[in-house]
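**Student:** Quick one: the structure is below, and I'll ask about it shortly.
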Amino acid sequence: MAEAEQSPGYLRLHRSGELEERAERAHEVLRDCVLCPRECHVNRLEGETGFCRTGRLPVVASYNPHFGEEPPLVGQRGSGTIFFSGCSMRCDYCQNFDISQGGVGYAISCDDLAGIMLRLQEMGCHNINLVTPTHVVPQILRAVTIAAGRGLRITLVYNSGGYDSVETLRLLEGVIDIYMPDAKYGRDDVALALSHAPNYTASMKAALKEMHRQVGDLVIEDGIALRGMIIRHLVLPANLANSEIVMEFIALELSRDSYVNIMAQYRPAGRVLQDRLNPEFAVLRRPITAEEYAYALRSARENGLYRGIF
């Protein structure tokens, strides 16, 4: 199937007028924002900001063809990543700390965001990879509506931390082709301590189930991901992520055919480096060991998971 013939779902929704209606419905949520599980209830249309520190306009830190993502996204021409500033979480070890928490980026119009999507397509990218999109779903929907009218036709990837609202995700049904969430933690106390995300595990599990309901397991053709889910899990020092709990959830409550990227690239960053005297960060000030990574891999295999990057 040629890329031009893939006909992503958002094109069908655009032709029917449903995409425009979704964008309008999402826009109204900004008046009393409950886009993420925090439900800040601020009026972002009037410039108020909640936990994500983002108002009416999306803030973009950078965009470019990215060759460091999972192989089915990268292919030969790269994944067209758009990095949004702000986040619904505040991970103390965030490797994109300046973007997610430091305010790096520029507020742009939805029309300009649509232009970025089209430029990435013109550069030959296989997909548009929306990085940290949870808090800017209305703006993304508006931009996709504009871009679809101007010739956007490539796959959309929703690349989130997994701390998503099911209600917000339902606005994206048929719009997003590939969901790529994190499944960060198996325990709420760790999620609260390290990512300041209350009720993370229940929210993450509900979100991933909704994503899987919408798109199913990953479908790859000629080496390129067309539709489905990619689940990321970052191994943390001392098994703080409780990888065995996460792998059991994926296998038993999603699918043993899930494509899972078990990531070994943890490094000290963000507040972990800034607050060197904080004893709570002591274990996070080192990389993971080979044994810790092997344990996460073993947990995946013991639960029958076999697809992805192990």
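**Student:** How do the helices (runs of 4 or more DSSP H) wholly within the stretch 212-308 filter down when requiring 2 or more residues that are under 22 Å from the mean Cα position of the chain (by Cα) and not aromatic (F, W, Y): which remain?
**Tutor:** Working: elements: 243-249, 271-274, 290-302.
Hits in the stretch 212-308: 243-249, 290-302.
**Student:** Failed condition for A193, given (1) of a type in the set (G, A, S); (2) closer than 16 Å to M247 by Cα; (3) surrounded by fewer than 16 Cβ atoms within 10 Å (Cβ to Cβ), with all others met?
**Tutor:** For A193, the failing item is (2).
**Student:** I'd like the full set of residues that are over 14 Å from L234 (Cα atoms) and surrounded by 19 or more Cβ atoms within 10 Å (Cβ to Cβ), limited to the stretch 272-302.
**Tutor:** Quick first cut of the stretch 272-302, residues over 14 Å from L234 (Cα atoms) only: 272-283, 285-286, 291, 298, 301-302.
The answer is V272, F281.
**Student:** Against the condition in contact (Cβ under 8 Å) with a residue 60 or more places away in the chain, under 28 Å from L45 (Cβ atoms) and small (G, A, S), how does A197 come out, does it pass?
**Tutor:** Values: in contact (Cβ under 8 Å) with a residue 60 or more places away in the chain: yes; under 28 Å from L45 (Cβ atoms): yes; small (G, A, S): yes.
So A197 passes the test.
**Student:** Output the residues belonging to the stretch 144-191 that are assigned to a helix (DSSP H, G or I), over 17 Å from A26 (Cβ atoms), without any contact (Cβ under 8 Å) to a residue 60 or more places away in the chain and not charged (D, E, K, R).
**Tutor:** Those that are assigned to a helix (DSSP H, G or I), over 17 Å from A26 (Cβ atoms), without any contact (Cβ under 8 Å) to a residue 60 or more places away in the chain and not charged (D, E, K, R): V190, A191.
**Student:** Counting only residues that are in a loop (DSSP other than H, G, I, E, B) and under 21 Å from the mean Cα position of the chain (by Cα), which one in the stretch 114-131 is farthest from Y10 (Cα to Cα)? Don't jump to the end; show me each part of the working.
**Tutor:** Step one: of the stretch 114-131, the residues in a loop (DSSP other than H, G, I, E, B) are 123-126.
Cutting the leftovers down to under 21 Å from the mean Cα position of the chain (by Cα) gives us 125-126.
Values: C125: 18, H126: 16 Å.
My answer is C125.
Condition check ((1) among the charged types (D, E, K, R); (2) without any contact (Cβ under 8 Å) to a residue 60 or more places away in the chain) across all residues:
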site: R227; (1), (2): yes, no
site: A238; (1), (2): no, yes
site: S243; (1), (2): no, yes
site: L254; (1), (2): no, yes
site: Y266; (1), (2): no, no
site: V272; (1), (2): no, no
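**Student:** Being surrounded by 22 or more Cβ atoms within 10 Å (Cβ to Cβ) and touching a strand residue (DSSP E or B) at 6+ places or on another chain (Cβ under 6 Å) is the requirement here; does T145 meet it?
**Tutor:** Values: surrounded by 22 or more Cβ atoms within 10 Å (Cβ to Cβ): yes; touching a strand residue (DSSP E or B) at 6+ places or on another chain (Cβ under 6 Å): no.
Criteria not met by T145.
No lab work stands behind these numbers, since they all come straight from the coordinates. Since the model is a prediction, treat every value here as computed from it, not as a measurement. Note: ideal-geometry Cβ built from the backbone for every residue, glycine included; neighbour counts use all protein chains shown.
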